[in-house]
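Trainee: Sharing a structure below in C-alpha cells format, with a few things to ask.
The values are calculated or read from the model by the stated rules, or taken from the named source; none is laboratory data. Keep in mind that this is a model prediction, so the values were computed, not measured. All Cβ positions, even for glycine, are placed from backbone atoms using ideal geometry, and neighbour counts span all protein chains on display. Just the protein is used for accessible areas: all its heavy atoms, side chains included, with ligands, DNA and RNA removed. Shrake-Rupley method; radii C 1.70, N 1.55, O 1.52, S 1.80 Å.
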Amino acid sequence: MRALVVRPPVPGVELVDCPAPERPAGSIRVAVRECGVCGTDHDIVEGKYGRPPDGASFLILGHENLGVVREGDPAAPEFAPGDLVVATVRRGCGRCRFCLANRSDFCETDAFTERGIRGAHGYMAEEYVETPDYLVRVPAGLGPIAVLLEPLSVVEKAIDQGQRVLDRKEPTPGHPRPEAARALVAGTGAIGMLAALLLVIRGYDVTAVDRRGEDTFAARLLGRIGAKHVDVAAGFGAVGARRFDLIVEAAGSTAVDFSSIDRLGPNGVIVLTGIPDATERPVPVPGGQIFRDLVLGNQAIVGSVNANRTYFETGLEDLGRIEERWPGALASMITSRRPIESYREVLLSAAPGAVKTVLTIGVGAPPS
Ligand code: BGC
C-alpha cells in the first residue's frame with residue numbers, strides 16, 4: 001500500500017510503497033479516506049517532533065483521520081464493511097491506572113504511543129488495522145466533516161478541563177443565576193475556531209483574537225456564530241478592559257500565552273493547548289506580576305493534551321449540534337482537499353489563509 005512516511009529527527013517526507021498491515025483476530029481493517037494536516041504534522045516533517053515505532057526506520061504520518069471499514073471481525077459485529085470510522089490517537093502504556101481505563105490522555109508513565117506521532121504508525125496510508133476500543137463509528141451524514149473529529153476531541157477535552165476549574169465557582173444560595181461565562185480564544189486556526197464554535201454552543205460569551213486583521217475567513221465565521229473577533233496585532237490592548245473566566249490558548253506561542261494570561265478574570269482559568277517549540281528564544285515575562293495575580297485572583301493555568309474516547313464521543317454529538325445550528329460552517333473550515341500525491345506542497349509549506357487542509361487517500365473517494 002502507499003503511505004506517507006517520515007524519519008524524525010531527519011526532516012522530510014516521502015510517499016512510499018510498504019506492506020499493508022496484518023489483521024489480527026478481533027481487529028478491524030480500515031481503508032483510509034482522508035487525513036487532516038495540523039501543526040504537529042508540520043513539526044514532525046521538519047524533524048522537530050515525533051518518533052518511529054521501536055525497531056522501525058520510519059513512521060507513517062497522520063493522526064487526524066476518517067476511514068471506511070474494509071474488513072470487520074465476528075467479535076466486533078458493530079463494525080460492518082462500509083461503515084465510516086474515526087480512530088483515536090493515543091495508545092496506553094498498559095501500566096498506569098489511566099491507561100488501563102482507556103484514558104491514556106492522562107498517562108502518568110510517559111510510556112504511551114501516539115499513532116502517526118510517537119512510536120506507532122499513523123493513518124496517512126491506504127489502510128490501517130485497529131481494535132474496536134479505539135474506533136468510533138460515524139453516522140454517514142457527518143462524513144463530509146468527520147475528519148474534524150480528532151481536532152475537535154482535543155478541544156472537547158480542553159474545554160472540559162477548564163469548565164472543571166470554573167465549577168469551583170458553585171452557585172451561591174439566594175443569588176440570581178450568574179451571567180454567561182466569558183471566554184477568550186487565543187488563535188483562530190482550526191483548534192481556535194473549533195473552540196469558538198463549541199464555546200458558543202455551550203453558552204459562553206466568546207471573543208477570539210488573532211493577528212490577521214478583519215478581512216479573513218475566521219473573522220467572518222466568528223461574526224456568523226455571534227462571537228467577537230479582535231485583531232491583536234498591535235497588542236492585547238485592543239481587547240479593551242475585558243477580563244475572562246476561561247481562556248483557551250490555541251496559538252502555540254509562548255508570547256501569546258503570557259499576553260493572554262494578563263486577561264484572566266478573578267477565579268479564572270487559562271487552558272493551554274498549543275505546543276510551543278521548546279527551543280524557541282526565551283521570552284521575557286513579568287513573572288512577579290503574573291504569579292501575584294494568579295494567587296490573589298484564585299486563578300489557574302492548565303495544560304491539556306490529546307483526548308480519550310469519551311471526548312471523541314461528545315465530539316461526535318457536538319459535530320451534529322454545530323452543523324444543525326450553523327449549517328455548512330464546519331465544512332467551510334476544510335479550506336482544501338488535496339490528493340495524497342500533493343503531499344509535498346501540503347506538508348512542506350503552510351498555505352496562507354488555510355484553516356484545515358485535508359489529504360485524500362486511497363480508494364475511499366472524498367465525501368461530497
Ligand atoms: C494531537 C494529539 C497529540 C498531540 C501531542 C496533537 O496534534 O492532536 O492527539 O496528543 O498532538 O503529540
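Trainee: Going by amide H atoms built from the backbone, whose H comes under 5 Å of the H on Val85, apart from near neighbours?
Mentor: Amide H to amide H, under 5 Å and 5 or more residues apart or across chains, Val85 pairs with Gly67, Val68, Val69, Val138.
Trainee: Hey, what's the Cα Rg ratio for the stretch 253-368 versus the globular rule of thumb, 2.2 N^0.38 Å? Before the final figure, lay out the partial values.
Mentor: Working: Rg = 19.6 Å, N = 116, 2.2 N^0.38 = 13.4 Å.
Cα-based Rg divided by the globular estimate yields 1.46.
Trainee: Give the residue from Phe217, Pro77, Pro139 lying farthest towards the positive end of the charge dipole for the chain; charges sit on Cβ (+1 for Lys and Arg, -1 for Asp and Glu) and the dipole is referred to the Cα centre.
Mentor: Toward the positive end, the furthest listed residue is Phe217.
Trainee: Could I ask something else about it? For the stretch 263-317, what is the convex hull volume of the alpha-carbon atoms per residue, in Å³? Show your work: numbers first, answer last.
Mentor: Details: hull volume 6.8 nm³, N = 55.
Convex hull of Cα atoms, per residue: 124 Å³.
Trainee: Can you run phi through the Karplus equation (6.51, -1.76, 1.60; θ = phi - 60°) for the stretch 194-200 and list ³J(HN,Hα) in whole Hz, with x for Gly and Pro?
Mentor: 5, 5, 4, 4, 5, 5, 5
Trainee: Right, next: Quick one: with all protein chains in place, what share of the accessible area of the chain is carbon or sulfur, to the nearest percent (1.4 Å probe)? The partial results should precede the final answer.
Mentor: Numbers: 8770 of 16390 Å².
About 53 percent, which is the carbon plus sulfur part of the accessible surface.
Trainee: Report, in debye and to the nearest 20, how large the dipole of the stretch 116-192 comes out about its Cα centre when Lys and Arg carry +1 and Asp and Glu carry -1 on their Cβ.
Mentor: Values: 8 positive and 10 negative charges, 97 e Å.
Magnitude of the dipole: close to 460 debye.
Trainee: Next question, about the same structure. Can you tell me what percent of all Cα-Cα pairs in the stretch 1-52 are more than 19 Å apart?
Mentor: Values: 544 of 1326 pairs.
The answer is 41 percent, as a whole percent.
Trainee: Considering amide H positions built from the backbone, and no H for Pro or chain starts, which residues 5 or more places from Glu114, or on another chain, come under 5 Å of its amide H?
Mentor: Arg91, Gly119, Ala120
Trainee: How high is the relative contact order of the chain? Use alpha-carbon pairs under 8 Å, at least six apart in sequence, and give a whole percent. Write out the running numbers ahead of the final one.
Mentor: Details: 796 pairs, mean separation 70.7, N = 368.
With pairs under 8 Å counted, the relative contact order is 19 percent.
Trainee: Just how many % of Cα pairs in the chain lie over 32 Å apart, if you round to the nearest whole percent? Spell out each step's value before the answer.
Mentor: Numbers: 21728 of 67528 pairs.
That fraction is 32 percent.
Trainee: Let me ask another. Using the Cα gyration tensor of the stretch 132-276, with a ≥ b ≥ c the square roots of its eigenvalues, what is the shape: rounded (a/c below 1.5), prolate (a/b larger than b/c) or oblate (neither)?
Mentor: Working: a/c = 1.64, a/b = 1.16, b/c = 1.42.
Oblate shape, in that a/c is at least 1.5 and b/c is the bigger or equal ratio.
Trainee: With the radius of gyration and the Kirkwood radius both derived from the Cα set of the stretch 38-97, what is their ratio Rg to Rh?
Mentor: Values: Rg = 15.4 Å, Rh = 14.5 Å.
Using only Cα positions, Rg/Rh for the stretch 38-97 is 1.06.
Trainee: At q = 0.19, 0.20, 0.25 Å⁻¹, what is the base-10 log of I(q)/I(0) for the stretch 155-238 according to the Debye formula with one equal point scatterer per Cα and no solvent? Please give it to two decimals.
Mentor: Scattering profile of the stretch 155-238, log10 relative to I(0): -0.84, -0.90, -1.20.
Trainee: Given the options Gly174, Gly223, Gly116, state which has the largest fluctuation in a GNM of the chain using a 10 Å cut-off (strictly under) for Cα springs.
Mentor: Between Gly174, Gly223, Gly116, it is Gly174 that shows the largest mean-square fluctuation.
Trainee: Among the lysines, which have Cα under 30 Å from the Cα of Lys228 when same-chain residues fewer than 8 positions away are ignored?
Mentor: Output for Lys228: Lys157, Lys169, Lys356.
Trainee: While we're looking at this one, here's another question. Residues of the stretch 1-105: accessible area per residue at 1.4 Å, in Å²? Present the calculation step by step, with values, prior to reporting the outcome.
Mentor: Numbers: 4480 Å² over 105 residues.
Using a 1.4 Å probe on heavy atoms only, each residue of the stretch 1-105 averages 43 Å².
Trainee: Here's another thing I want to ask about it. Just the Cα atoms of the stretch 26-150, one point each, no solvent: what log10 I(q)/I(0) does Debye give at q = 0.11, 0.21 Å⁻¹?
Mentor: Debye intensities relative to I(0), on a log10 scale: -0.38, -1.25.
Trainee: Return the sequence-ordered ³J(HN,Hα) values of the stretch 178-186 in whole Hz as given by the Karplus equation 6.51 cos²θ - 1.76 cosθ + 1.60 applied to θ = phi - 60°, using x for Gly and Pro.
Mentor: Running phi through 6.51 cos²θ - 1.76 cosθ + 1.60 with θ = phi - 60° gives x, 5, 4, 5, 9, 10, 10, 10, 9 Hz.
Trainee: log10 I(q)/I(0), Debye, Cα-only the stretch 163-203, no solvent, q = 0.13, 0.16 Å⁻¹?
Mentor: For the stretch 163-203 at q = 0.13, 0.16 Å⁻¹, log10 I(q)/I(0) is -0.38, -0.53.
Trainee: Give me the net charge of Ala329's neighbourhood, meaning all other residues with Cβ under 14 Å from the Cβ of Ala329; Lys, Arg count +1, Asp, Glu -1.
Mentor: Numbers: positive: Arg220, Arg224, Arg321, Arg325, Lys356; negative: Asp318, Glu323, Glu324.
That sum, taken over residues with Cβ under 14 Å, equals +2.
Trainee: Per-residue HN-Hα couplings for the stretch 203-209, Karplus 6.51 cos²θ - 1.76 cosθ + 1.60 at θ = phi - 60°, whole Hz, x for Gly and Pro?
Mentor: Couplings: x, 7, 8, 10, 10, 10, 10 Hz.
Trainee: I want to verify a result. In a Gaussian network model of the chain, Cα cutoff 10 Å, which of these has the top mean-square fluctuation: Asp245, Asp54, Asp83?
Mentor: Checking each option, the largest mean-square fluctuation is seen for Asp54.
Trainee: Using the heavy atoms of the protein chains and a 1.4 angstrom probe, tell me the accessible area per residue for the stretch 213-287 in square angstrom. Present the calculation step by step, with values, prior to reporting the outcome.
Mentor: Values: 3510 Å² over 75 residues.
Computed with neighbouring chains in place, this is 47 Å² per residue.
Trainee: If you don't mind, there's one more thing I want to ask. Toward the positive end of the charge dipole of the stretch 101-181, about the Cα centre and with charges on Cβ (Lys, Arg +1; Asp, Glu -1), which of His175, Ile159, Ala101 goes farthest?
Mentor: His175
Trainee: Counting only residues 5 or more places away or on other chains, whose amide H sits under 5 Å from the amide H of Arg338 once H atoms are built in the peptide plane?
Mentor: Val358, Leu359, Thr360
Trainee: As a test of the formula, what do you get for the chain when each DSSP H run with n ≥ 4 contributes -39,500 (n - 2.57) and the sum is divided by the residue count, at 222 nm and rounded to the nearest 500 deg cm²/dmol? Numbers along the way, then the final one.
Mentor: On the way: 10 runs with 95 residues, N = 368.
Mean residue ellipticity at 222 nm (helix-derived): -7500 deg cm²/dmol.
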